[in-house]
Structure formats: structure tokens, C-alpha cells
Amino acid sequence: ALGGIFVYHIFSSNGTVTIKAQDAATNTNPSFADLSGATSGSVDATSAPKHGMIALGTTATVRQYTRWQLVLGTATTVTFACGLIRNTIA
């Protein structure tokens, strides 16, 4: 319950895309949900590279299991990297 930082970097793309992080208490597909605030929002990456670092609230809970989700807008291809750093020290 100490928040974290969501980081993304889009190396190349041909349209709009959204990258977001999800978390869960158990590692089963239906239990994952969007992690509040951990999203790039819709990014027009036709002139990539694009990048961002989003700080989550200092009281946000980041559960044990995490994964990324890619939502294609107008893009049909995206090359990217992302990371989630969970705070462990208050």
C-alpha cells in the first residue's frame, strides 16, 4: 500500500496505442484488474519514440502479481518496453 512508478517506452508504432499495468492477488487471468493510474493513456506513436513515467499515489496498493496490457487504437504494430516499480519503503 505504498504506491509505485509505471514506466513505458514506445520504440516504434504506426498509430495510437495505450499501455497499462494490471495487478492481482492471485495469478489467474480473471483476477487481474487495471492498476489505477498506471496507464500511458492514448499515445499517438506514429512519430515514436514516445515515453513516460507515471507516479502512482503514495497510498496506492500494488498487489503481488502484475502484467501489462496493450490496447491498440489505430496502430497495428507496436514495439515497446514497460516496467512497474513497487515501493517497499515508506
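The values are calculated or read from the model by the stated rules, or taken from the named source; none is laboratory data. Note that the structure is predicted; figures quoted are calculated from it, not measured. Neighbour counts run over all protein chains shown; Cβ positions are idealised from the backbone, glycine included.
Check the range 24-39 and report whether any residue there is under 15 Å from T79 (Cβ atoms) and among the aliphatic types (A, V, I, L, M).
Scanning the range 24-39, I find no residue that is under 15 Å from T79 (Cβ atoms) and among the aliphatic types (A, V, I, L, M), so the answer is no.
Of all residues being under 13 Å from the mean Cα position of the chain (by Cα) and either not in a strand (DSSP E or B) or not hydrophobic (A, V, I, L, M, F, W, C) (or both) in the range 38-49, which is surrounded by the most Cβ atoms within 10 Å (Cβ to Cβ)? Just the residue, please.
Here the answer is S40.
Could you check, for the range 24-37, whether at least one of its residues is touching a residue at least 60 places away in the same chain (Cβ under 8 Å), in a loop (DSSP other than H, G, I, E, B) and surrounded by 13 or more Cβ atoms within 10 Å (Cβ to Cβ)?
Scanning the range 24-37, I find no residue that is touching a residue at least 60 places away in the same chain (Cβ under 8 Å), in a loop (DSSP other than H, G, I, E, B) and surrounded by 13 or more Cβ atoms within 10 Å (Cβ to Cβ), so the answer is no.
What's the total number of residues in the range 1-36 that are small (G, A, S) and under 14 Å from C82 (Cβ atoms)?
Residues meeting the conditions: 3.
What residue, among those in the range 51-90 that are among the hydroxyl-bearing types (S, T, Y) and outside any strand (DSSP E or B), is nearest to A21 (Cα to Cα)?
If we take residues in the range 51-90 being among the hydroxyl-bearing types (S, T, Y) and outside any strand (DSSP E or B), then T61 is nearest to A21 (Cα to Cα).
Collect the residues in the range 50-77 that are β-branched (V, I, T), surrounded by 13 or more Cβ atoms within 10 Å (Cβ to Cβ) and out of contact with any Asp or Glu (no Cβ under 7 Å at 6 or more places or on another chain), keeping them in residue-number order.
I54, T61, V71, T74
Looking at A48 and the list (1) farther than 22 Å from G3 by Cβ; (2) modelled with pLDDT of 90 or more; (3) of a type in the set (A, V, I, L, M, F, W, C), which single condition is not satisfied?
Going through (1) farther than 22 Å from G3 by Cβ; (2) modelled with pLDDT of 90 or more; (3) of a type in the set (A, V, I, L, M, F, W, C) one by one, A48 breaks only (2).
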